[in-house]
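Here's the structure we're looking at; comments come further down.
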Amino acid sequence: MARRVGLLTSGGDCPGLNAAIRGFGKAALGTHGIETLGFLDGFRGLVENRFVRLESDELSGILTDGGTILGTGRDKPHKMPTNGRSEDRTGDAVNTYQRHGLDCLVCIGGGGTQKNALRLQEAGLNILTLPKTIDNDIAFTEASIGFDTARQIAAEAIDRLHSTATSHQRIIVVEVMGHRAGWLALASGLAGGADVILIPEIPYDVGKVAAAVRERARAGKRYSIVAIAEGAMNADQSEEITGLIEARRTAESKRDRQKLSAKLEAFHRDHTDHTLRLTHQLEEQTGQESRLTILGHLQRGGTPSATDRVLGTRLGTTAAKMAANGETGVMLAVLGDELRPIALSKVAGVKKLVPTDHAWVQAARDVGTCLGD
Ligand code: F6P
């Protein structure tokens, strides 16, 4: 029977995190008699032993607030910037856990968090994780906290772009987040009726996108909306990155792996302005004035949708029950209407990308959306 647990939020913030913190803290305290220490600013707070006790005052009035009352960060305990250097601070994280006599540590986060949490589990901590990411790319779960709200925000933005695009007879390219996955661009593009949707899983051909826009103009459509995932790529870029990833996977020495990792990082750095380049290319190839809108962190801000509040509350309260029963070593996944534990060792390091035959892809094709291929 657990008596005291730690809780932290890690990775990018998003709406719905506070619902999960509240759900966990209230159920832990009220139903199971467990004390919860909330570590601040992600794994850094655990390493540096910075925390707040989550009691009823802290847990009140936060359900509808965006962000996370605990703060978050992208630090990894095993590679933590410390005094200008990267240090392995796993030992400090373990010390904090032991000093407080914690029975379990609950980590709410995305793909990176799952990997960090697994490392702490291997260092001896009892771990439970909850899926959170607007990217919807965590393996073995159908839903994650934040995705629904971000999808709604991006869809509303696309709705709004329609009237200005048509008034000016423009192409508007709208860049949607999602990291290396296309879920958010695909879902919001479908919901907002984008004319073109470009996602990383389907390499695009600029010529085909331009042709689709010209075809719309011939049919009397005065504008076109192109929803593009931040990680989308044309065929050449996709081939280059696939080659680099494969070379790194099969590299024989650590030195070669490091070199290839540096090349991959450089590729992604140079890729950040690709949506601007596409906007210029479309203007050149269609003769139609084009503009770029980058939605950026707007997609992670503000109040959570009802769906994310319910999801956060269910995940949080169920996790409290699991902590009380001593069930650890798992991520709590969403499968249909159910929440099911999946071994953390299975989840960590696996990305859920959009299958190219996914029902949403098919639906987009069926309504005549150009996917750039
Ligand atoms: O993982 C969530 C996410 O918003 C991604 O979609 C995006 O690529 C990334 O985080 C942005 O990170 P940051 O907030 O650190 O700029």
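The values are calculated or read from the model by the stated rules, or taken from the named source; none is laboratory data. As the structure is a computational prediction, the values presented were derived from the model and not from experiment. For neighbour counting, all protein chains shown are included, and Cβ atoms are generated from backbone atoms with ideal geometry for every residue, glycine included.
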Scan the stretch 74-112 for residues that are within 16 Å of the ligand (Cβ to nearest atom), surrounded by fewer than 22 Cβ atoms within 10 Å (Cβ to Cβ) and either at positive phi or in a helix (DSSP H, G or I) (or both) and jot them down.
-> GLY112
Note down all Cβ pairs under 9 Å where the first residue falls in the stretch 49-66 and is within 18 Å of GLY101 (Cβ to Cβ), the second is among the aromatic types (Phe, Trp, Tyr), and they're at least six residues apart or on different chains.
-> ASN49/PHE39; ARG50/PHE39; PHE51/PHE39; VAL52/PHE39; LEU54/PHE24
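Every residue in the stretch 166-208 that is in a loop (DSSP other than H, G, I, E, B) and within 19 Å of GLN285 (Cα to Cα), please.
Result: GLN169, ARG170, ASP195, PRO203, ASP205.
Out of all the residues in the stretch 236-249, is one or more under 30 Å from ILE153 (Cβ atoms) and either within 16 Å of the ligand (Cβ to nearest atom) or not in a helix (DSSP H, G or I) (or both)? Even if it seems obvious, please write down each step before you answer.
Pass one, the stretch 236-249, residues under 30 Å from ILE153 (Cβ atoms): 237-238, 241.
Subsequent filtering for residues that are either within 16 Å of the ligand (Cβ to nearest atom) or not in a helix (DSSP H, G or I) (or both) retains 241.
Yes, because at least one residue in the stretch 236-249 is under 30 Å from ILE153 (Cβ atoms) and either within 16 Å of the ligand (Cβ to nearest atom) or not in a helix (DSSP H, G or I) (or both).
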Can you pull out the residues in the stretch 254-285 that are exposed (fewer than 15 other Cβ atoms within 10 Å of the Cβ), of a type in the set (Ser, Thr, Tyr) and more than 15 Å from the ligand (Cβ to nearest atom)?
-> SER261
Taking the stated definitions as given, is GLU156 part of a helix (DSSP H, G or I), among the acidic types (Asp, Glu) and modelled with pLDDT under 95?
-> no
Reported set for the stretch 359-373 where residues are in contact (Cβ under 8 Å) with a residue 60 or more places away in the chain and closer than 20 Å to ILE134 by Cα is TRP360, VAL361
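Taking only the stretch 21-52 into account, find how many residues are more than 16 Å from the ligand (Cβ to nearest atom) and part of a helix (DSSP H, G or I). Steps first, please.
Here is the first cut: in the stretch 21-52, the residues more than 16 Å from the ligand (Cβ to nearest atom) are 21-40, 45-52.
Restricting the remaining residues to those that are part of a helix (DSSP H, G or I) gives 21-31, 45-47.
Selection size over the stretch 21-52: 14.
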Here the qualifying pairs (Cβ atoms under 9 Å; residues six or more apart or on different chains; first in the stretch 328-344 and part of a helix (DSSP H, G or I); second buried (at least 20 other Cβ atoms within 10 Å of the Cβ) and of a type in the set (S, T, N, Q)) come out as LEU344/GLN114; LEU344/GLN121; LEU344/THR129; LEU344/THR328
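Looking at ASN136, ASN126, ASN116, which is the one that is away from the ligand (no atom under 15 Å from the Cβ) and touching a residue at least 24 places away in the same chain (Cβ under 8 Å)?
That would be ASN126, the only listed residue that is away from the ligand (no atom under 15 Å from the Cβ) and touching a residue at least 24 places away in the same chain (Cβ under 8 Å).
Restrict the check to the stretch 139-149 and report whether at least one residue is buried (at least 21 other Cβ atoms within 10 Å of the Cβ), among the charged types (D, E, K, R) and within 16 Å of the ligand (Cβ to nearest atom). If you could, list the steps in order and put the result at the bottom.
In the first step, residues of the stretch 139-149 are kept if they are buried (at least 21 other Cβ atoms within 10 Å of the Cβ); the result is 141, 144-149.
When the remaining residues are screened for being among the charged types (D, E, K, R), the result is 148.
Those left that are additionally within 16 Å of the ligand (Cβ to nearest atom): 148.
Taking every residue of the stretch 139-149 in turn, at least one turns out to be buried (at least 21 other Cβ atoms within 10 Å of the Cβ), among the charged types (D, E, K, R) and within 16 Å of the ligand (Cβ to nearest atom).
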Of the conditions (1) more than 16 Å from the ligand (Cβ to nearest atom); (2) within 20 Å of the chain's Cα centre (by Cα), GLN288 fails just one. Which one is it?
-> (2)
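Looking at GLU252, GLU284, GLU289, GLU230, which one is in contact (Cβ under 8 Å) with a residue 24 or more places away in the chain, among the acidic types (Asp, Glu) and over 30 Å from PRO131 (Cβ atoms)? Outline the logic, then answer.
On the way: GLU252 fails: in contact (Cβ under 8 Å) with a residue 24 or more places away in the chain; GLU284 fails: in contact (Cβ under 8 Å) with a residue 24 or more places away in the chain; GLU230 fails: over 30 Å from PRO131 (Cβ atoms).
Matching residue, one of GLU252, GLU284, GLU289, GLU230: GLU289.
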